[in-house]
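Asks: Starting off with a structure, shown below.
The values are calculated or read from the model by the stated rules, or taken from the named source; none is laboratory data. Not measured: the values here are computed from a predicted model. All Cβ positions, glycine included, derive from the backbone under ideal geometry; neighbour counts span all protein chains shown.
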Amino acid sequence: LGVDACLQVLSCILLEHKVVLQSRDYNALSMSVMAFVSMIYPLEYMFPVIPLLPTCMASAEQLLLAPTPYIIGVPASFFLYKLDFKMPDDVWLVDLDTNKVIVPTNAELLPALPEPEVLELKKHLKQTLISMS
């Protein structure tokens, strides 16, 4: 994900929205879920976190209907196997393969992060991305 998309997902997590990440790469998926959880340190995420929800688990899609916020990673093939399932209207879907954040249809705009702090955070995230590549 790019820096702006990463900040958008972080905002969703901090505002206690439901976030689902999807990818074909299971390793990248589970690592991304855990990275987002660790990025809010020293805060602690107190809601369900599932790095990789197994497609083969019976009624796995029922977890996505939970009333509480969550961060869940699902394989890209998950919804191919769950054809009858409709994603809830309040879930932010992050597609790691296309680097897109799909906003729920009824979602309000996320509030802007404070300006001096967001510039500093963007700078550090860009440096981290550069050092990783």
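Asks: Which numbered condition trips up ASN99, out of (1) loosely packed, with under 14 Cβ neighbours inside 10 Å; (2) in contact (Cβ under 8 Å) with a residue 24 or more places away in the chain; (3) in contact with a Ser or Thr (Cβ under 9 Å, 6 or more places away or on another chain); (4) within 18 Å of VAL19 (Cβ to Cβ)?
Replies: So ASN99 meets the others, but not (3).
Asks: Do you know which of the residues in the range 54-96 that are modelled with pLDDT under 90 and of a type in the set (Asp, Glu) is farthest from HIS17 (Cα to Cα)?
Replies: So the residue we want is ASP84.
Asks: Can you tell me which residue is nearest to MET39 (Cα to Cα) among those in the range 56-96 that are touching a residue at least 60 places away in the same chain (Cβ under 8 Å) and surrounded by fewer than 16 Cβ atoms within 10 Å (Cβ to Cβ)? Please lay out each step first, then the result.
Replies: Here is the first cut: in the range 56-96, the residues touching a residue at least 60 places away in the same chain (Cβ under 8 Å) are 87-88, 90-96.
Subsequent filtering for residues that are surrounded by fewer than 16 Cβ atoms within 10 Å (Cβ to Cβ) retains 88, 90.
Numbers: PRO88: 26, ASP90: 23 Å.
Only one residue fits best here, namely ASP90.
Asks: Restricting to the range 9-52, and then to whatever is of a type in the set (D, E, K, R) and over 12 Å from the mean Cα position of the chain (by Cα), can you tell me which residue is surrounded by the fewest Cβ atoms within 10 Å (Cβ to Cβ)?
Replies: Narrowing the range 9-52 to residues of a type in the set (D, E, K, R): 16, 18, 24-25, 44.
Next cut, over 12 Å from the mean Cα position of the chain (by Cα) only: 24-25, 44.
On the way: ARG24: 11, ASP25: 13, GLU44: 7.
Top of the filtered list is GLU44.
Asks: Then there is this: Yes or no: ALA112 among the hydrophobic types (A, V, I, L, M, F, W, C) and in contact with a Pro (Cβ under 9 Å, 6 or more places away or on another chain)?
Replies: Numbers: among the hydrophobic types (A, V, I, L, M, F, W, C): yes; in contact with a Pro (Cβ under 9 Å, 6 or more places away or on another chain): no.
For ALA112, the condition - among the hydrophobic types (A, V, I, L, M, F, W, C) and in contact with a Pro (Cβ under 9 Å, 6 or more places away or on another chain) - is not met.
Asks: Kindly evaluate GLN22 against the criterion of being closer than 30 Å to SER133 by Cα, touching a residue at least 60 places away in the same chain (Cβ under 8 Å) and touching a Gly at 6+ places or on another chain (Cβ under 8 Å). It would help to see each step written out before you state the result.
Replies: Numbers: closer than 30 Å to SER133 by Cα: yes; touching a residue at least 60 places away in the same chain (Cβ under 8 Å): yes; touching a Gly at 6+ places or on another chain (Cβ under 8 Å): yes.
Considered against the rule, which asks whether it is closer than 30 Å to SER133 by Cα, touching a residue at least 60 places away in the same chain (Cβ under 8 Å) and touching a Gly at 6+ places or on another chain (Cβ under 8 Å), GLN22 comes out as yes.
Asks: Exactly one of (1) in contact with a helix residue (DSSP H, G or I) (Cβ under 9 Å, 6 or more places away or on another chain); (2) within 20 Å of CYS6 (Cβ to Cβ); (3) part of a helix (DSSP H, G or I) is unmet by LEU43. Its number?
Replies: Result: LEU43 passes all but (3).
Asks: OK, next. Quick check on my filter: what residues within the range 25-37 are in contact with a strand residue (DSSP E or B) (Cβ under 7 Å, 6 or more places away or on another chain) and within 21 Å of PHE79 (Cα to Cα)? Lay out the reasoning, then the answer.
Replies: The initial filter retains those residues of the range 25-37 that are in contact with a strand residue (DSSP E or B) (Cβ under 7 Å, 6 or more places away or on another chain), namely 26, 29-30, 32-33, 36-37.
Within the range 25-37, TYR26, LEU29, SER30, SER32, VAL33 qualify.
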